Amino acid sequence: AKLEHRHILPVYDFGEQHGVTYLAMRYLRGGTLKDLLLQAPGHRLSLVDTVKVIRQIAEALDYAHAAGIVHRDVKPANVLIDNAGDAYLMDFGIAKVLESTGHLTATGGAMGTPAYMSPEQGMGKKVDHRADVYALGIILYQLLTGRVPYEADTPYAVIIAHANEPLTLPSTLNAAIPEDIEKVIFKALAKSPDDRYPSAGSLALALEDAAGQFAADINEDAESI
């Protein structure tokens, strides 16, 4: 509730009534980014719309990270879209205020959604804001290819894949993805946190630069999602 940012869904109130705990938040009719992808051709967005969404989520994450908060469950289902196509990060239900140890696990196990979980988070190791940068990279991959990079029969198998398997070239799933965009995705999804972008904002900036002429028209000429 203390996170007041234009791309974070505001929490107006919280409490308990008749034994049921609740959150009162802004209502948005557009649904989630996950819903949008399910309705989109090929379950993916255009490069123009992708740059816009990634930039807005990145702004929200940088703001939260500056406040010492790691989201830990960044995924399309936790991003709401309004009628203007603007994104709002939501559901900080397993967010954690960084402490000196930086360990963000529950009873010794990993918390989050395996398909979007960084290798260090999935293995229950020490994590920081770069785990959210990794998750944003997974979203970027999905927005442009129509699928997440690692899929398996069990959540544990997905976690192991994030830690050990090489990334499938995005262009093999969508030939329209430029090589410079692929380079951004690979850096965002580096196995080691030290090899990733240092912040969500730097990822978004690299994406805009790689998008070239598409990014130049984002603010004024982007089509509405």
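The values are calculated or read from the model by the stated rules, or taken from the named source; none is laboratory data. All values reported here derive from a predicted model rather than from experimental measurement. All Cβ positions, even for glycine, are placed from backbone atoms using ideal geometry, and neighbour counts span all protein chains on display. Areas reflect the complete protein model, heavy atoms only, side chains present, ligands, DNA and RNA absent. Shrake-Rupley method; radii C 1.70, N 1.55, O 1.52, S 1.80 Å.
Miscellaneous remarks
- Largest GNM mean-square fluctuation among GLU179, GLU16, GLU120, using the chain with Cα springs under 10 Å: GLU16.
- Secondary structure note: in the chain, about 95% of the DSSP beta bridges are antiparallel.
- Rounded accessible area of SER171 (nearest 10 Å², 1.4 Å probe): 40 Å²
- The residues PHE186, PHE92, sorted by heavy-atom accessible surface at 1.4 Å with ligands and nucleic acids left out, run PHE186, PHE92 from largest to smallest.
- Once the mean of 1/r is taken over each pair of separate Cα atoms and inverted, the range 113-174 shows a Kirkwood hydrodynamic radius of 11.8 Å.
- Solvent-accessible area, 1.4 Å probe, carbon plus sulfur percent, for the chain: 51 percent
- Above 21 Å, the calculated P(r) of the chain contains 54 percent of its Cα-Cα pairs.
- Counting only DSSP H runs of at least 4 residues, each contributing -39500 (n - 2.57), and dividing by the residue count of the chain, the helix-based mean residue ellipticity at 222 nm comes to -11000 deg cm²/dmol.
- Computed with a 1.4 Å probe on the full set of protein chains, the accessible area for TYR12 sits at about 140 Å².
- Across the chain, the mean sequence separation of Cα contacts (distance under 8 Å, 6 or more residues apart), normalised by length, yields a relative contact order of 22 percent.
- Computed with every protein chain present, the accessible area of MET25 is close to 80 Å² [probe 1.4 Å].
- Accessible area expressed per residue, the chain, with surrounding protein chains retained (probe 1.4 Å, Å²): 50 Å²
- Kyte-Doolittle mean at least 0.0 and Cα axial length at least 15 Å: DSSP H helices in the chain: 47-66, 130-145, 200-211
- FRET efficiency, SER192 to HIS18 (Cβ-Cβ, R0 45 Å, nearest 0.05): 0.40
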